[in-house]
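To start, the structure itself, in structure tokens.
The values are calculated or read from the model by the stated rules, or taken from the named source; none is laboratory data. Keep in mind it's a predicted model, so treat the numbers as computed, not measured. A quick note on method: Cβ atoms are made from the backbone with ideal geometry, for glycine too, and the neighbour counts reach across all protein chains shown. Calculation scope for accessible area: heavy atoms of the full protein, side chains included, ligands and nucleic acids excluded. Shrake-Rupley method; radii C 1.70, N 1.55, O 1.52, S 1.80 Å.
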Amino acid sequence: MPALDDLPADASSAWLGLRDSLSDILGDDLLAIWAYGSVIGSDRPRRVADLDTHVIVRRRPADVAAQRIESALERGPQTEFDAWLITLDHARRSEPPPHAFLEGRRDTAWAVHRAHWLAGRVITVHGLEPAAVVQPPTWDEIVVDLDRELEHIERHIQEGDNDPYEAAYAVLNGSRILRSLQAHDPVLSKRAAGSWALRNLPGRWRPALDAALRAYDERETPDDAALLAAEMAPFVAMVRAELPRTSGDPGETPRWSGY
């Protein structure tokens, strides 16, 4: 089980600072802070840009408190919180929960998040443990979330966003989707997914996978950047062929809005 003491100092201090700030703002309404994502794994990338965080609150915060919370979540240019605030009532349900105060936002990776937390891929920075709050996800719920994750990648392709970071993300997350489908288990890091794909996918994808793993550690070359930009769309199309859409017309433009 990972612990804050095992993390890079900037990550652990950021989460502890967030705990102190939110405790001051919310008092007893702050029920839990869960840290997760690549930074808590032993195979974390060399630089972690996002600190994935879920905050469970007793009730929707007042407007003034919400403004103070947003300020507390602001970080420097190198690292930032990717945070969700969810009320306890919604966190206990299986359907994707809305954000506690940002209208129109809904956690469309809720089932996958729950799978990671219940498998121990989480650090409880404050309060309740995930197992005391969330329901185990069903496989059908996980497949829907994987579809939404792939839609997110397809949006970047549709909008022409194929810089090395996004392209590496697409290749490694696409690999994680494929391995999740094969193993019926979404609990896997992006780096481990890339290694799995190198062993199990056709050799045609090896150059893109090698380039994505180098980019994951910010070691990509100019040739890697060009290769990833060219291979991002074909790789994602290959993943889509293995993961049919769970709603809507398969011929439609990806939705990437709503659930």
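Of all residues in region 5-24 being in contact with a strand residue (DSSP E or B) (Cβ under 6 Å, 6 or more places away or on another chain) and open to solvent by 30 Å² or more (accessible area, probe 1.4 Å), which is nearest to ARG68 (Cα to Cα)?
Among them, the one singled out is SER23.
Within region 150-198, which residues are farther than 20 Å from TRP117 by Cα and basic (Lys, Arg)?
Matches in region 150-198: ARG155 only.
Provide a single number: the residues in region 119-152 that are touching a residue at least 60 places away in the same chain (Cβ under 8 Å) and of a type in the set (Gly, Ala, Ser).
3
Using the structure shown, decide if GLY27 is on the phi > 0 side of the Ramachandran plot and either assigned to a loop (DSSP other than H, G, I, E, B) or open to solvent by less than 70 Å² (accessible area, probe 1.4 Å) (or both).
It is true that GLY27 is on the phi > 0 side of the Ramachandran plot and either assigned to a loop (DSSP other than H, G, I, E, B) or open to solvent by less than 70 Å² (accessible area, probe 1.4 Å) (or both).
Take the conditions open to solvent by less than 20 Å² (accessible area, probe 1.4 Å) and in contact with a Lys or Arg (Cβ under 9 Å, 6 or more places away or on another chain) and apply them to PRO136. Does it pass?
Answer is no for this residue.
With GLU231, GLU220, GLU154 as the choices, which residue is touching a Lys or Arg at 6+ places or on another chain (Cβ under 6 Å), farther than 27 Å from GLY120 by Cβ and crowded, with 18+ Cβ neighbours inside 10 Å?
Among GLU231, GLU220, GLU154, only GLU220 is touching a Lys or Arg at 6+ places or on another chain (Cβ under 6 Å), farther than 27 Å from GLY120 by Cβ and crowded, with 18+ Cβ neighbours inside 10 Å.
Restricting to region 87-105, and then to whatever is farther than 22 Å from LEU18 by Cα and in contact (Cβ under 8 Å) with a residue 40 or more places away in the chain, can you tell me which residue is surrounded by the fewest Cβ atoms within 10 Å (Cβ to Cβ)?
Checked region 87-105; the qualifying residue surrounded by the fewest Cβ atoms within 10 Å (Cβ to Cβ) is ARG93.
Go through ALA183, ALA167 for me and flag whichever is open to solvent by less than 60 Å² (accessible area, probe 1.4 Å), aliphatic (A, V, I, L, M) and modelled with pLDDT of 95 or more.
After applying the criteria, what remains is ALA183.
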